[in-house]
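This report refers to the structure that appears directly beneath it.
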Amino acid sequence: MTSKHIESQIQVLSGGEQAKVRFCLLMNRENNVLVLDEPTNHLDVDAKEELKRALKAYKGSILMVCHEPDFYEGWTEVWDFNELM
């Protein structure tokens, strides 16, 4: 993100830009569990890949709801609730 984005009020940013700002704020806190609901919403392909890279580098636990199988492919443990029905 450019300094223009950082200096903007979050309300004037696009949905994807807002998601990036919120994720940056979240990752700069001392947490050991992330709970994410559809974190790929409003993100373009490049941003999704960057998010995936950041989450894989995260040292804590992640509980995530995601409807994009390609995004969560390769995670340590995945619960697919469609298989339970």
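The values are calculated or read from the model by the stated rules, or taken from the named source; none is laboratory data. From a predicted model like this one, the values you see are computed outputs, not experimental measurements. Glycine also receives a Cβ, built like all others from the backbone with ideal geometry; neighbour counts cover every protein chain displayed.
Restricting the first member to segment 19-33 and to residues that are surrounded by 12 or more Cβ atoms within 10 Å (Cβ to Cβ), and the second to residues that are among the aromatic types (Phe, Trp, Tyr), no beta-carbon pair is closer than 7 Å while six or more apart or on different chains. Only residues that are surrounded by fewer than 13 Cβ atoms within 10 Å (Cβ to Cβ) and under 10 Å from the mean Cα position of the chain (by Cα) were counted in segment 55-65, giving 0. Given the criteria under 22 Å from Val12 (Cα atoms) and either surrounded by 13 or more Cβ atoms within 10 Å (Cβ to Cβ) or of a type in the set (Ser, Thr, Tyr) (or both), does Leu43 qualify? In short, yes. When Val35, Val45 are checked against the criterion of being more than 18 Å from Arg22 (Cβ to Cβ), among the hydrophobic types (A, V, I, L, M, F, W, C) and at pLDDT 85 or above, Val45 stands alone in meeting it. Which one is modelled with the highest pLDDT among residues in segment 1-25 that are among the polar types (S, T, N, Q), over 15 Å from Leu36 (Cα atoms) and part of a helix (DSSP H, G or I)? Result: Gln11.
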